[in-house]
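One structure is given here, and the rest of the page talks about it.
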There are 4 protein chains.
Amino acid sequence: MAYRPTEKTKTRKESRRILLLNCAILQINAGGFSSLTMDNLANSAGIAVGTVYKYFDSKSLLFVEIFKILTEKEVSIIREVAIGCGTPYQRLNEAIATFSRRAMHSQKQSYALIFEPVNPMIEIERLKYRKAYAAIFKQIIDEGIAKKEFIPQPTDLAATAIVGIIAEVLIRPLTQDENTHIENTLIEKIQEFCIRALTIRQL
Amino acid sequence: MAYRPTEKTKTRKESRRILLLNCAILQINAGGFSSLTMDNLANSAGIAVGTVYKYFDSKSLLFVEIFKILTEKEVSIIREVAIGCGTPYQRLNEAIATFSRRAMHSQKQSYALIFEPVNPMIEIERLKYRKAYAAIFKQIIDEGIAKKEFIPQPTDLAATAIVGIIAEVLIRPLTQDENTHIENTLIEKIQEFCIRALTIRQL
Amino acid sequence: MAYRPTEKTKTRKESRRILLLNCAILQINAGGFSSLTMDNLANSAGIAVGTVYKYFDSKSLLFVEIFKILTEKEVSIIREVAIGCGTPYQRLNEAIATFSRRAMHSQKQSYALIFEPVNPMIEIERLKYRKAYAAIFKQIIDEGIAKKEFIPQPTDLAATAIVGIIAEVLIRPLTQDENTHIENTLIEKIQEFCIRALTIRQL
Amino acid sequence: MAYRPTEKTKTRKESRRILLLNCAILQINAGGFSSLTMDNLANSAGIAVGTVYKYFDSKSLLFVEIFKILTEKEVSIIREVAIGCGTPYQRLNEAIATFSRRAMHSQKQSYALIFEPVNPMIEIERLKYRKAYAAIFKQIIDEGIAKKEFIPQPTDLAATAIVGIIAEVLIRPLTQDENTHIENTLIEKIQEFCIRALTIRQL
DNA sequence: AATGAATGAGCATTCATTCAT
DNA sequence: TATGAATGAATGCTCATTCAT
């Protein structure tokens, strides 16, 4: 009789995948995508290299999956903040602060997700990732404009610009010097710059 | 009579360096720094590998030299615009437009210069490069504040933010899709966003 | 059921290491350490280069391992003789003879172990190797002095000198001419020279 | 009319050879034979690589010539001492001391001449070099035996043994540690050991 | 004679992927 | 299913020697 995977087997298979993904993520957080080899992944998961290929068809696909997991988590955290209560003004500030603080706390990972080149497939995912961030900011800005808190403007661009500002001001320098200390005032300055670009102010 | 290197010989030697640099730049423009190997460089220049090492002591140093050549050219072009005549407002707009247009015309190169990691030496140069851009913007902003065209604010951050905006809005997406067409209106939108963040406006 | 490495597999793995070590030793015996490259080792073992690196992390470490194997074997053989029964006089003679005979039988190898420089790691091992020989001779001499068979003298130097004599008289010339024939009388002469330097004689 | 080298030209040619040899020797004294490349030799002599090949047909032949120059100088210095006045006993002691002291003062060179492997041609010369030393010691010993200062024995071996003792006790350790300090007492110990092996002593 | 740019085989090392067991 | 040994193309770099000028 033909072999049929039981529920139990499926579960085992799934838990193996998760184990591998977790091991891979640990490695990436420690040394970026480039530090992950199929050999050291298998090793840290306590299985054979060949077995890794039972769960992931290639290193590229493994990377894409990891990238999606990590970025979806990050995005959902910011999204949570963005759809919370408060005025658009308050929520924008909070979203920027959350994005910034998370980048500060896991520098290697932020760098890997935002900048580190891996392969063309990852670049495609990376664009989606950055667009997802921008979409969140865009939603807040749109609402702010509707509520006349922000002045009318191309919100697509404004949202993308905010992502660019945070990446340039916070994440890029973090990769230069391991000991860089990002002060909270820097986050405030970013917030103020963005708010200024978005709001109507009077003399 | 002893052979003495003539001017012609010297010129030839120099022209070989330039040939190699050009071949390397072509390759980088086509596939980024990562696509350039000493073997394929030698091959595309029609010479032997060993010969490349007569002109450049190591791949790292070759890369640094190329990086400096390309970035110094870019920076000097923007600087030219920035110290030109006109109000800070006009010059800022012009600097942004020039930076943007150049990025649009050589997409792969812009990506390589702004984003692509290569090695630690290049990262050091890249930081200088981005700071050079920021310094140009900062100077305009400082002057604009002095002339009361722009509102007082941390100009370091404002300048860095502008670099981040352009990188995010223009360079990153350009590398994804070879056919992306950047409209001039996009540049205008960037200008407006930045100006809004910098200026005092009245209802 | 999951695949588990059997004893047989382990044995095979170990036997591959031994195969590689043997191939390497053959090559070294034929042409010295300098004649061994990772490529020709892989080739002579009938495997791929990459595979060699599964068994030895680097060429240096492979060399160190081979050096230790060969020298430890040599030293233990002499040590056996040195701690055997008989007077110090007899055991010294026997140790010299054994050292000499072994050198005669594997000329290239003796040269490689005693003289051929490879890299700093090997030089460190070589020093240990020569000191191990000297320590054996020293022990015999110390005992001989205690038993008044030998005259009191700096035994460190005497032991080192004996190593030098054998190296110079036997090993060095052997590498010059493949057909050199070392007569047993030469060994006897060495023994007599050493004994003379060590003993009290009367007119 | 055919070009004929004049005396002047010949002299120039000869002086060039000497310049090259001197430059090469300086380099060898600083870093051993292995540190000398045709490129850095040409460079330090201020001429082109190709020109070096006008004076020396190959690197091997250049090395052989340098080796001969250096070793002949060393040998002649010891020979001077050996044929000087004094009893064989005194002259042997003096020859050992001179050999030892010279080795101490130019460690890198002594190592290069006595041990450093270069190529088969050098090994042949090295054997001659060591035999030349031995020949000097042999002459003294022969004379000492004739004068009944030394006891009858195979003088070939005795002479070779002395060379081996000095190489092992003095030159080998010098190469291990750049800061090794050879005490004069060590030389005295060598002398005493050798004398003991050669002389008739009474209780 | 002198130049020095050019050669190119050679070397140690890495790592994603395969496949016989 | 799982294993893990094996693969081998790829890479940066060196250096004695040649030869057109």
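Bear in mind these aren't lab numbers, they're just calculated from the coordinates by the rules spelled out. This is a predicted model, so every value here is computed, not measured. Cβ placement follows ideal geometry from the backbone for every residue including glycine, while neighbour counts extend to all protein chains displayed.
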Please give the length that would be gained between C:THR199 and C:LYS128 if that part of the chain were fully extended, namely 0.36 nm times their separation in residues minus their C-alpha to C-alpha distance (nm, one decimal). 22.8 nm
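Assign unit charges at the C-beta atoms only (+1 for Lys and Arg, -1 for Asp and Glu), then state the dipole size of the stretch A:41-90 relative to its Cα centre in Debye, rounded to the nearest 20.
Values: 5 positive and 5 negative charges, 21 e Å.
Once rounded to the nearest 20, the dipole reads 100 debye.
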Mind checking which of B:THR71, B:THR185, B:THR98 has the largest fluctuation in a GNM of chain B, springs on alpha carbons under 10 Å? B:THR185
Report the FRET efficiency, 1/(1 + (r/R0)^6), for A:ARG12 and B:ARG17, where r is their Cβ-Cβ distance and R0 is 45 Å, rounded to 0.05. 0.15
Cα shape, the protein assembly as shown, gyration tensor, a/c 1.5 rule: prolate
Towards the positive end of the charge dipole of the protein assembly as shown, with charges on Cβ (+1 Lys, Arg; -1 Asp, Glu), say which of A:ALA167, A:ASN43, B:SER35 has the farthest Cα. B:SER35
Would the stretch A:64-141 count as rounded, prolate or oblate if I go by the C-alpha gyration tensor, calling it rounded below 1.5 in a/c and otherwise prolate when a/b exceeds b/c, oblate otherwise? prolate
Label-point separation in nm, B:ASN119 to B:LYS68, each point 7 Å along Cα→Cβ: 1.5 nm
In nm, what does the list of distances from B:ILE151 to its counterparts in the other copies look like, shortest first, when each label sits 7 Å along Cα to Cβ? 1.0, 10.4, 10.9
Note, the stretch B:98-106: 3J(HN,Hα) by Karplus (6.51, -1.76, 1.60, θ = phi - 60°), whole Hz, Gly/Pro = x, goes 5, 3, 5, 4, 5, 4, 5, 7, 10
Can you list the copy-to-copy distances for B:LEU127, using a point 7 angstrom from Cα toward Cβ, in nanometres, shortest first? 3.1, 4.0, 6.1
Ranked on Cβ counts within 10 Å of their own Cβ, fewest leading, D:LEU198, B:LEU19 go B:LEU19, D:LEU198
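Kirkwood Rh over alpha-carbon pairs of the stretch C:10-56, then Stokes-Einstein at 4 °C and 1.567 mPa s: what D in µm² s⁻¹, rounded to an integer?
Values: Rh = 10.6 Å.
Here the translational diffusion coefficient equals 122 µm²/s.
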Distance (nanometres) between label positions extended 7 Å along Cα→Cβ at D:ASP39 and A:ILE25: 5.0 nm
Considering every residue in D:128-136, what mean count of other chain Cβ atoms within 10 Å of its Cβ is obtained? 1
How far, in nm to one decimal, is D:GLU188 from itself in the other copies if the label point is set 7 angstrom along Cα toward Cβ? Shortest first, please. 3.8, 8.0, 10.0
Using a Gaussian network for chain C with springs between C-alpha atoms less than 10 Å apart, which of these wobbles most: C:ALA112, C:ALA30, C:ALA95? C:ALA30
Through the Karplus equation 6.51 cos²θ - 1.76 cosθ + 1.60, θ set to phi - 60°, convert the phi angles of the stretch C:60-75 into ³J(HN,Hα) values in whole Hz; use x for Gly and Pro. 4, 5, 4, 4, 4, 5, 4, 4, 5, 4, 5, 6, 4, 5, 4, 4
Nearest-to-axis residue of chain A, judged by beta-carbon position, where the axis maps A onto C, in Å: A:GLY50, 4
Place a +1 charge on the Cβ of each Lys and Arg in the stretch D:67-198 and a -1 charge on the Cβ of each Asp and Glu, then give the dipole magnitude about the Cα centre in debye, rounded to the nearest 20. 260 debye
Please list, ordered by chain and number, the residues whose modelled amide H lies under 5 Å from the amide H of A:THR199; skip anything fewer than 5 residues away on the same chain. A:ILE151
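Give me a single rounded figure for C:154-167: the average over its residues of other chain Cβ atoms within 10 Å of their Cβ. Let's see the in-between values first.
On the way: counts 7, 0, 3, 9, 5, 0, 9, 12, 5, 5, 13, 11, 3, 5.
The per-residue average across the peptide is 6.
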Report ³J(HN,Hα) in whole Hz for each residue of the stretch B:193-198, in order, from the Karplus equation J = 6.51 cos²θ - 1.76 cosθ + 1.60 where θ = phi - 60°; Gly and Pro get x. 4, 5, 4, 4, 5, 9
Angle check, please: helix A:120-146 long axis (alpha carbons) against the longest principal axis of chain A (alpha carbons), in degrees 0 to 90, nearest 10. 30 degrees
Over the whole of B:107-118, what's the average partner chain Cβ count within 10 Å per residue? Rounded to a whole number, please. 2
Taking the Cα centre of the stretch C:10-56 as origin, sum charge times position over the Cβ atoms of Lys and Arg (+1) and Asp and Glu (-1), and report the length of that vector in debye to the nearest 20. 320 debye
